[in-house]
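Novice: Provided herewith is a single structure, encoded as structure tokens, for subsequent inquiry.
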Amino acid sequence: MGPDFTKRLKDLDLSVGIGEAVGSPARLPRKSATGRKKSLVSSFRREEGGNKRFNFPNLARLMLVKSMIDEGYTLTKAADILAKHRHEADHLKMIAKLLVSVDETADGYSELNFGQLQNDPDFDVVAKVNDTSATFCKVPRKQS
């Protein structure tokens with residue numbers, strides 16, 4: 001699943017209306033249904049006077065907020081939880097950008113090489129991951 005797949009997925013311009021996303025919009029408080037006041041999600045209109053549409057990232061946030069409200073959370077609490085999730089996701093994206101290589105090993109592990117250890121440049125940071133565990137290792141840097 002390379003950059004071409006990601007680009008093609010983004011180019012699809014998938015979107016849905018709020019009714020398709022969460023059922024009846026009447027189930028959500030009208031002013032905060034889309035969380036605009038709390039910047040939870042954003043919508044757009046394809047044509048003047050048309051219904052509001054939500055793209056996939058906003059749809060996922062909208063559905064998460066809706067499920068939290070259904071579970072009894074207030075909109076404020078749902079916004080706090082969503083902000084925490086966004087913050088964590090941003091950190092994970094930053095870590096993923098550091099990824100140098102991924103190799104499969106004979107023993108069923110994936111080795112994710114995050115590159116040179118800053119305070120010990122002769123070594124790389126490598127995560128060994130399988131279906132049940134993950135460990136980080138300091139391994140001698142391969143000379144190119």
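The values are calculated or read from the model by the stated rules, or taken from the named source; none is laboratory data. Keep in mind that what you see is a predicted model, and the values were worked out from it rather than measured. Here Cβ is always computed from backbone atoms with ideal geometry, including for glycine, and neighbour counts include all displayed protein chains. Accessible surface is based on the protein model in full, side chains and every heavy atom, while ligands, DNA and RNA are left aside. Shrake-Rupley method; radii C 1.70, N 1.55, O 1.52, S 1.80 Å.
Novice: Go over the candidates ALA83, ALA96 one by one and state the one that is within 20 Å of the chain's Cα centre (by Cα), assigned to a helix (DSSP H, G or I), at pLDDT 90 or above and farther than 16 Å from GLY17 by Cβ. Before you say what the answer is, go through the steps one by one.
Specialist: Working: ALA83 fails: at pLDDT 90 or above.
Criteria check complete, one pass: ALA96.
Novice: Right, next: Name the residue that is least open to solvent (accessible area, probe 1.4 Å), counting only residues in region 115-144 that are over 11 Å from VAL100 (Cβ atoms) and among the small types (Gly, Ala, Ser). If you could, list the steps in order and put the result at the bottom.
Specialist: Applying the first criterion (over 11 Å from VAL100 (Cβ atoms)) to region 115-144 yields 117-123, 127-140, 143-144.
Still in the running and among the small types (Gly, Ala, Ser): 127, 133-134, 144.
On the way: ALA127: 5, SER133: 46, ALA134: 68, SER144: 162 Å².
Ranking the qualifying residues of region 115-144, first place goes to ALA127.
Novice: Would you point out the residue of region 59-68, among those that are under 14 Å from ALA79 (Cβ atoms) and buried (at least 17 other Cβ atoms within 10 Å of the Cβ), that is nearest to the chain's Cα centre (by Cα)?
Specialist: My answer is ARG61.
Novice: Which is at pLDDT 90 or above, more than 25 Å from THR6 (Cα to Cα) and either in contact with an Asp or Glu (Cβ under 9 Å, 6 or more places away or on another chain) or not polar (S, T, N, Q) (or both), of ASP107, ASP103, ASP90?
Specialist: Of the residues listed, the single one that is at pLDDT 90 or above, more than 25 Å from THR6 (Cα to Cα) and either in contact with an Asp or Glu (Cβ under 9 Å, 6 or more places away or on another chain) or not polar (S, T, N, Q) (or both) is ASP107.
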